[in-house]
Amino acid sequence: MVVENYLNEDFGRVKSKHSSSEVLQKWRDVYSLVKNPKRRFRFTANLPERHEVAAMHHNNQEKLRVAVLVSKAAFQYTLGVQPSDYTVPEEVKAAGFQICGDELGSIVEGHNFNKLKFHGGVDGIAEKLCTSTNNGLSTDSDLKRRREIYGINKFTESEGRSFWVFVWEAAQDMTLRILGACAFVSSIVGITMEGWPKGAYDGLGIVASILLVVFVTATSDYRQSLQFKDLDKEKQKISIQITRNGYRQKMSIYDLLPGDIIHLGIGDQVPADGLFVSGFSVLIDESSLTAESEPVMVTPENPFLLSGTTIQDGSCKMMVTTVGMRTQWGKLMATLSEGGDDETPLQGKLNGVATIIGKIGLFFAVVTFAVLAQGLLNRKWQEGTLRFWSGDEALEMLEFFAVGVTIVVVAVPEALPLAVTLSLAFAMKKMMNDKALLRHLAACETMGSATSICSDKTGTLTTNHMTVVKSCICMNVKEVREPKDAISMCSELPDSAVKLLLQSIFNNIGGEVVVNKAGKSEILGTPTDTALLEFGLSLGGDFQAERQASKLVKLETFNSVKKRMGVVVELPEGGFRAHCKGASEIILAGCEKVINANGEIVPLDKACFNHLTATINQFASEALRTLCLAYVELENGFSAENPIPVSGYTCIGIVGIKDPVRPGVKESVAVCRSSGITVRMVTGDNINTAKAIARECGILTDDGLAIEGPDFREKSEEEMLELIPKLQVMARSSPLDKHTLVKHLRNSLGEVVAVTGDGTNDAPALHEADIGLAMGIAGTEVAKASSDVIILDDNFSTIVTVAKWGRSVYVNIQKLVQFQLTVIVVALIVYFSSACLTGTAPLTAVQLLWVNMITDTLGALALATEPPNDDLMKRPPVGRIGNFISNVMWRNILGQSIYQLLVIWVLQTKGKAIFHLEGPDSDLILNTLIFNTFVFCQVFNEISSREMEEIDVFKGILKNYVFVGVLSCTVLFQILIIEYLGTFASTSPLSLSQWFLSVVIGFFGMPIASALKMIPV
């Protein structure tokens, strides 16, 4: 309890995310014993460098902000002034282009209206770049030459560190350097006394051990760095819709070139500098570049879009002008890659454990050396030879000093904090195969402690493959599950109603019907858009013809706050018409009229309203997503500056969209419930739809509560605290409702909360949650940037997999700590007691270094990389305040330590009699037996440590190739050390009976460990 309080006070303030620089610095200052700072802090934030980068970023932001403001101000005074003549560089001209990259950069980055006008505006720039604003680049042109002239859309990355850099860093360990100095002195003295090579054996043995430690450590660290490099590559895989050769296609942002035409929507990050071609209601957030929080409207009059900014509203086509390191964002990204990730809470606690043990180890090392040295000095005092030292006596004193230093090596578990990184790196790699991409290391660890998951419905709990299966057009309810149903329905509807319906579907939509490379029609857009477009096409509609028949005047895209989308079109025969669609009850509330069965427009009386409301509820109770479509004639004309009306509409009809529940979701929710994790559904859908889906998934129970967002936000603090524990479904919720729910769960109820999100407006909730989970398919770039984990397949079952891996990391580190603490306790007590009672050390420095490698680097590899099992999800979560070193761990540590201490004590006092050892080599053979037995005690204790509470420790052992490999290597090297490297390791070959007894004594630790697990704590 004292240890846990110390850890929480000094090292427990590190949060899973958003830890302040003061907190991160404070726990660094607590350290008083760090053997190798370069290695200990490699995977933690570099605070000085981070502050330097932040200052540089702020500087660049200020420069760009001033440049933009000056440019805008200058524009007012230079409308009539022509820029000086521009000369096209010969290289650019020879490649067939009429404008260079620097000129393009100065136009867009500097918001230089004057230069843009000089070059003929957007169309003039397109012509000079040999591209088309309609068809994009042609792949028949020389794209390679274009890359050479304008560059590629990639940022300069820092070079990866070679293996030898890791070797150098591993060799920076202070204790290993001291041991190296001891080895050097030992070799000099030994060679002087006994000649070469015999006199150098002890020193060379220590050097060989140090080199082995350094190279094994460097290999482990180098492999981790490669895994992180792979993760960084995965993070950078971003695709975007572009038009090339007249075809829409998906392409990596890193393949973009000047002249490409890209399509941007809400939540997209602008991947390169460019010029606005066409679009509606485009609002850009430039705060990442200029630190200005006010969004900027992009129009033909202000067509500049900068790389790194995000689309806050609207959609548009953009022509790429500048890419990669020519953009301001590219220059910023080159600096922002430095500084590192924040360390995780577990790393903080383990650094605390290492510090505590290090202090204790240092004390024991000093006392042990003092006692051993005192014994030698007393002997010399009694002999009267204190002023005269022989070579053997000098070597003996040097050996005592080396033993003291080696105790520090063993006692300070330097690799313990790094084991978290090792375990997370291993988990990260495996989770990628399970469709989860970790953006921040701490997220996996935190997910293991999650007590609550707030999940979206669409695409996470459901398949996101939507189809219109029911409709209520002209007050008639019809099933349209098959194409023939749609054709039949179409024939029964009045032509005027069908025409209005198709106009509403094809114009008031974010998706498109395009022709792909194969010459076939392909639907692009969100699943909802796709379902509506398929429905429109099945009614015999022609998307392109409908789009060309009317001119789009204004478009307001759908978002989760308004829950509606609207357009205004100018009709061929003159006049304006507004179409809107969205949440059925919201759109219906804005309707005053309805189209009846005869195609006539009649007032929306109470009977009609009740019929439509009952239809909405009926569709929703069948787990269908409902949308209402409506229109209004704008008889007084319309200006694009005006907002689209929200009332006075005529209801065209209601559609019911089926989005089936994903296979395996119900089972995953049941797993969460059995593991103590509460799953809540937070959706923007109708409450009846939400309840039906929640029941199907097993989320909504008989005693659970379902509520609508507007009702939730009206509750007082006290009422919220009372209802939130019972809350299982929140429907018609806004992003603010989700944020409020998360904040109350975390701060008021102390829950560890995971939240899913896909939209731009979900960013605050993702940021507020302990773990933000963004959807990889449906998620916007803004949501992904605010998240900690990206769920690549948008599947709820993957979230449960992340929780399982998180628990695995936590438990694996606990196993490693238990294993290492046992070895350290035994080593310290044995050395101290031997020094005090016999004046000798039972193990040499070389032997101790080997034991250190078994417990430190190899132990971390074996135990920290244990894959998860299903039993992990049968226990309650640790939560926010769980003890890291549990009572179960203390029981196992103390029990094993007592057994090993008894074994070594018996061998030291009775070993010669037990093994019938006599003659001049008896001491060497006994010490070899003690060393061999001690190592095999650790080998079998390592196996026992695979499970802290379960007796069956062999379950799944053969599936863990790393564990089996480490254990096999340990045994193989032990045999080599005993049988063939005795000259260097101060060991003697053992007989078969002695080997057998050493292994059996070590093995007996396993039944003792099983017996300990039966003791309740």
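Among the protein heavy atoms, those of residue 435 account for about 100 Å² of accessible surface (1.4 Å probe, every chain in place). 3J(HN,Hα) along region 736-743: 5, 4, 4, 4, 5, 4, 4, 4 Hz, from the Karplus curve 6.51 cos²θ - 1.76 cosθ + 1.60 with θ = phi - 60°, whole Hz, x for Gly and Pro.
With a 1.4 Å probe rolled over the protein heavy atoms of all chains, the accessible area of 807, 439 falls in the order 439, 807, largest first. Solvent exposure of region 544-697, expressed per residue, is 42 Å² of accessible area, with all protein chains present and a 1.4 angstrom probe.
The accessible area of residue 478, taken with all protein chains in place and a 1.4 Å probe, comes to roughly 70 Å². Taking every protein chain into account, the accessible area of region 875-1008 amounts to 50 square angstrom per residue (probe 1.4 Å). Amide H contacts of residue 467: 658, each under 5 Å away and 5 or more positions distant or on a separate chain (H built 1.01 Å from N in the peptide plane; Pro and chain starts excluded). Of the accessible area of region 489-608, computed with a 1.4 Å probe over protein heavy atoms only, carbon and sulfur atoms account for 53 percent. Applying 0.36 nm per residue to the separation of residue 484 and residue 639 and subtracting their alpha-carbon distance, the gain on full extension is 51.7 nm. Taking every protein chain into account, the accessible area of region 404-539 amounts to 32 square angstrom per residue (probe 1.4 Å).
In percent, what relative contact order does region 815-901 have, based on Cα pairs under 8 Å that are 6 or more apart in sequence? Don't skip to the answer; put the middle values down first.
Details: 35 pairs, mean separation 50.0, N = 87.
Dividing the mean separation by the residue count of region 815-901 yields 57 percent.
Checking the a/c ratio against 1.5 first, then a/b against b/c, what shape does the Cα gyration tensor give for region 507-553?
On the way: a/c = 1.44, a/b = 1.20, b/c = 1.20.
Here region 507-553 falls in the rounded category.
Relative to one another, the C-alpha centroids of region 638-681 and region 905-932 are positioned 75 Å apart.
Each listed q (0.11, 0.18, 0.24 Å⁻¹) maps to a log10 I(q)/I(0) for region 407-515, found by the Debye formula over equal Cα scatterers with no solvent: -0.67, -1.03, -1.38.
Kindly sort 702, 273, 230 by accessible area of their heavy atoms, largest first, with the probe set to 1.4 Å.
I get 702, 230, 273, largest accessible area first.
Given a 1.4 Å probe and the protein chains as shown, residue 724 ends up with an accessible area of around 0 Å². Here's the list of lysines a cross-link from residue 359 could span, going by alpha-carbon distance under 24 Å and ignoring same-chain residues fewer than 8 apart: 26, 35, 38, 349, 815. Think of region 545-623 as a dipole: +1 on every Lys or Arg Cβ, -1 on every Asp or Glu Cβ, centred on the Cα centre; then among 604, 618, 565, 565 lies furthest on the positive end. Modelled spin labels at residue 980 and residue 135, positioned 7 Å past Cα toward Cβ, are 7.2 nm from each other. Considering only alpha-carbon pairs that sit under 8 angstrom and 6 or more positions apart, the relative contact order computed for region 499-646 is 21 percent. The per residue volume of the convex hull around the alpha-carbon atoms of region 599-684 is 172 Å³. Phi angles of region 506-516 translate, via the Karplus equation with coefficients 6.51, -1.76, 1.60 and θ = phi - 60°, into HN-Hα couplings of 7, 9, 8, 8, x, x, 9, 9, 10, 9, 8 Hz per residue; Gly and Pro are given as x. A simple spin-label model places the labels of residue 94 and residue 393 8.4 nm from each other, with each point 7 Å out along Cα-to-Cβ. Amide H contacts of residue 678 (H built 1.01 Å from N, in plane; Pro and chain starts excluded): 452, 453 sit under 5 Å, all sequence-distant by 5 or more or on other chains.
Among the listed pairs 470/593; 435/1013; 563/606; 429/658, which have their C-alpha atoms separated by more than 28 angstrom in this model? If you can, show how the numbers build up before the last one.
On the way: 470/593 22 Å; 435/1013 36 Å; 563/606 24 Å; 429/658 35 Å.
Correct reply: 435/1013; 429/658.
Here the accessible area of region 755-795 is 53 percent carbon and sulfur, with a 1.4 angstrom probe and all protein chains present.
By accessible area of protein heavy atoms, probe 1.4 Å, what ranking do 444, 836 get, highest first? Provide the component values of the computation, followed by the final result.
Working: 444 0, 836 70 Å².
From most exposed to least exposed: 836, 444.
Computed from backbone phi with θ = phi - 60° and the Karplus coefficients 6.51, -1.76 and 1.60, the 3J(HN,Hα) list for region 115-122 is 5, 4, 5, 4, 8, x, x, 4 Hz; x is used for glycine and proline. Amide H contacts of residue 788: 772, 773, 774, each under 5 Å away and 5 or more positions distant or on a separate chain (H built 1.01 Å from N in the peptide plane; Pro and chain starts excluded).
Using a 1.4 angstrom probe on heavy atoms only, work out the carbon and sulfur share of the accessible area of region 648-704 in %.
C and S atoms contribute 48 percent here.
The values are calculated or read from the model by the stated rules, or taken from the named source; none is laboratory data. Quantities reported herein were computed from a predicted structural model and do not represent experimental measurements. Glycine also receives a Cβ, built like all others from the backbone with ideal geometry; neighbour counts cover every protein chain displayed. Areas reflect the complete protein model, heavy atoms only, side chains present, ligands, DNA and RNA absent. Shrake-Rupley method; radii C 1.70, N 1.55, O 1.52, S 1.80 Å.
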